[in-house]
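First the structure, in the form of structure tokens, and then the observations on it.
The values are calculated or read from the model by the stated rules, or taken from the named source; none is laboratory data. Fair warning: this is a prediction, and the values are worked out from it, not measured in the lab. Cβ coordinates were reconstructed from backbone atoms using ideal geometry, including for glycine residues, and neighbour counts include every protein chain displayed. SASA here: full protein model, heavy atoms, side chains in, ligands and nucleic acids out. Shrake-Rupley method; radii C 1.70, N 1.55, O 1.52, S 1.80 Å.
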Amino acid sequence: MEQVVLLTEQGQVNGVLDKAEVHHEDTPLHLAFSCYLFDRDANLLLTTRARTKKTWPGVRTNSCCGHPAPGEELHAAVRRRVRQELGVDPAGLTLVLPGFRYRAVMGNGIVENEMCPVFRAFADTEPHPDPSEVDGYEWAGWDELVAEVTGGGSPVSPWCAEQVAELAALGPDPFAWPAADEALLPPAARDQG
């Protein structure tokens, strides 16, 4: 059974819970991550979440999201999840937004509530998505995507919309985004592994 790491408001470990039980109308704050996977031409791999997902089914979003297992080092968790979900080995995995946090409520009342550090990585091969996680994918030009998402013309998951705005502030070239200071991660993310 997959478990997630629960957090205090200060980002300290506050227990664990089975993933199947964590998302509901009063979802506790928990540790997650997002990954933005680019090809060599700086196109972003956008995925459409499987329609069987409990949160935001069938919605376009960033390349990969997930939760580190209790005790799992964060970079290792991102690599594991990208391989499982997309069948791709991420190269150049880099932390870019260590302190990202969001809370979003679906129309049916289910809540996402995460401290969710954001990573950038690169891929030289086409993905082979797990259909239980991903309904489809597309490669999107970064500049065009930023303009569409920040202008409201491209519906994406709520976390992706917020992350795209923050990533755009790092500069127009994803290859040039600076690596973030790992000391800025939530304490629970630094203590894993």
(request) Tally the residues that are open to solvent by less than 70 Å² (accessible area, probe 1.4 Å) and in contact with a Pro (Cβ under 8 Å, 6 or more places away or on another chain), restricting the search to region 147-182. (result) 3
(message) Here is a list: A42, A20, A50, A32. Which entry is in contact with an Asp or Glu (Cβ under 6 Å, 6 or more places away or on another chain), hydrophobic (A, V, I, L, M, F, W, C) and modelled with pLDDT under 95?
(response) A50
(message) From the list D18, D26, D39, exactly one residue is closer than 28 Å to F122 by Cβ and acidic (D, E). Which is it?
(response) D39
(request) Looking only at region 112-120, decide whether some residue is closer than 28 Å to D26 by Cα, assigned to a strand (DSSP E or B) and polar (S, T, N, Q). (result) yes
(message) Suppose we filter P186, P90, P158 for residues that are over 27 Å from R51 (Cβ atoms) and within 17 Å of the chain's Cα centre (by Cα); which single one remains?
(response) P186
(request) Can you tell me which residue among D124, D130, D135, D181 is under 19 Å from D41 (Cα atoms) and of a type in the set (D, E)? (result) D124
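Against the definition (over 20 Å from L185 (Cβ atoms) and open to solvent by 40 Å² or more (accessible area, probe 1.4 Å)), how does Q84 come out, yes or no? Break it down stepwise before answering.
On the way: over 20 Å from L185 (Cβ atoms): yes; open to solvent by 40 Å² or more (accessible area, probe 1.4 Å): yes.
So Q84 fits the description; yes.
Filter region 148-163 for residues that are part of a helix (DSSP H, G or I) and free of Cβ contacts under 8 Å to residues at least 24 places away in the same chain; which is nearest to M106 (Cα to Cα)?
Within region 148-163, the first condition is being part of a helix (DSSP H, G or I), and the residues that meet it are 148-150, 158-163.
Those left that are additionally free of Cβ contacts under 8 Å to residues at least 24 places away in the same chain: 148-150, 161.
Values: E148: 22, V149: 19, T150: 20, A161: 15 Å.
Only one residue tops the list, namely A161.
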(request) Please verify whether region 2-12 includes one or more residues that are surrounded by fewer than 18 Cβ atoms within 10 Å (Cβ to Cβ) and on the phi > 0 side of the Ramachandran plot. (result) no
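Residues being within 25 Å of V13 (Cα to Cα), outside any strand (DSSP E or B) and either free of Cβ contacts under 8 Å to residues at least 24 places away in the same chain or open to solvent by less than 20 Å² (accessible area, probe 1.4 Å) (or both): count how many of those fall in region 87-111.
Qualifying residue count, region 87-111: 2.
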